[in-house]
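K.L.:
Below: one structure in C-alpha cells.
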Amino acid sequence: MSRHIGWITGAVAAALVATGAITYAVAEDGGSGSVRVPAADSADAGFARDMAVHHQQAVEMSYIVRDRTGNEEVRRLAYDIAQTQANQRGMLLGWLDLWGLPKVSSEPPMTWMGMGGMASGKDGALMPGMATNTELKKLGELSGKQAEILYLQLMTDHHKGGIHMAEGCVAKCTVGVEKRLAQGMVDAQRSEIDLMTTMLEERGAEPRT
C-alpha cells in the first residue's frame with residue numbers, strides 16, 4: 001500500500017514544480033505571445049469556476065479526516081489530495097484572474113456542460129459527487145476506522161463527480177493547457193479511486209456507488 005501512496009506523493013511534488021509554468025502558459029495561445037481570453041460563459045471559464053468549488057470541498061474533507069484518525073496511510077492520502085487539489089484550485093482561479101473573468105456566475109453549476117439542472121444544491125451538494133453538509137458534519141464527529149471509511153467513500157464519490165466534469169472540459173474546453181490539466185485530473189483521480197477501493201476493502205467496506 002505504501003508503494004502506491006508514495007507514487008501519488010511523487011506526482012504531487014511534480015505538479016507543484018510545474019505550477020508556475022502552467023499558470024502563465026495558459027494565458028498565451030500556441031506560444032505566439034498573443035493573449036487568448038475565453039468568454040465568461042465558455043467551457044474554459046465554467047470548468048475553472050466549478051472545479052475550483054469542487055476542489056475546495058475535497059480539501060476540506062481531507063483536513064477533517066486528518067484530525068480524526070491516526071492511521072498514517074489515510075493521513076498521507078488525505079494530505080496528498082489536499083495539497084494537489086489546493087494547488088490546482090489556485091491555478092484555476094489564477095487563470096480566471098489572467099483572463100479578467102468573474103470567479104462566480106449567476107448561472108447554475110455545470111451550465112457550461114449543458115447540465116445546469118443536474119444538482120439541486122440541496123444540503124450543500126452543489127455538484128454531482130459533492131458531499132452534503134450533513135455528511136461533512138458526520139465526518140467531523142466520527143473517529144478512527146469509522147472516519148476512515150466514510151472519508152474514503154465520500155472522496156470516491158467526489159472523485160467520480162470530478163472525473164465527469166474534467167472529461168467535460170477535455171471535450172469542450174478550447175485552451176490547450178487547461179484541457180491537458182483536466183485530462184491529468186481524470187487519470188490521477190481514477191488511480192486514486194482504485195487505491196481507495198483497496199483501502200476500503202482492507203477495512204471491510206466498499207464504495208457506496
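The values are calculated or read from the model by the stated rules, or taken from the named source; none is laboratory data. Quick caveat, the model's predicted, so the values are computed rather than measured. Virtual Cβ from ideal backbone geometry, glycine too; neighbours counted across all protein chains shown. Quick note on the areas: whole protein, heavy atoms, side chains included, nothing else; ligands and nucleic acids left out. Shrake-Rupley method; radii C 1.70, N 1.55, O 1.52, S 1.80 Å.
K.L.:
Heavy atoms only, 1.4 Å probe, whole protein assembly: order 66, 49 by accessible area, highest first.
P.N.:
The most accessible residue leads, giving 66, 49.
K.L.:
I'd like the accessible area for residue 101: 1.4 Å probe, protein heavy atoms, all chains in place, Å² to the nearest 10.
P.N.:
That residue has around 30 Å² of solvent-accessible surface.
K.L.:
Here's something else I'd like to know. Using only C-alpha atoms and all pairs of different ones, pull out the Kirkwood radius for the range 92-192 in Å with one decimal. Let's see the in-between values first.
P.N.:
Numbers: mean 1/r = 0.0657 Å⁻¹.
So the Kirkwood estimate lands at 15.2 Å.
K.L.:
If you don't mind, there's one more thing I want to ask. Tell me the label-point distance for the pair residue 103, residue 126, using the 7 Å Cα-to-Cβ offset, in nm and rounded to one decimal.
P.N.:
1.1 nm
K.L.:
Probe radius 1.4 Å, ligands and nucleic acids left out: which of 151, 79 has the largest accessible area, and how do the rest follow?
P.N.:
Putting 151, 79 in descending order of accessible area: 79, 151.
K.L.:
At most 13 other Cβ atoms within 10 Å and a DSSP loop assignment: could you name the trypsin sites (Lys or Arg not before Pro) in the range 68-106 that fit?
P.N.:
Numbers: sites: 68, 75, 76, 89, 103; in loops: 68, 103.
Listed in order of number, the matching sites are 103.
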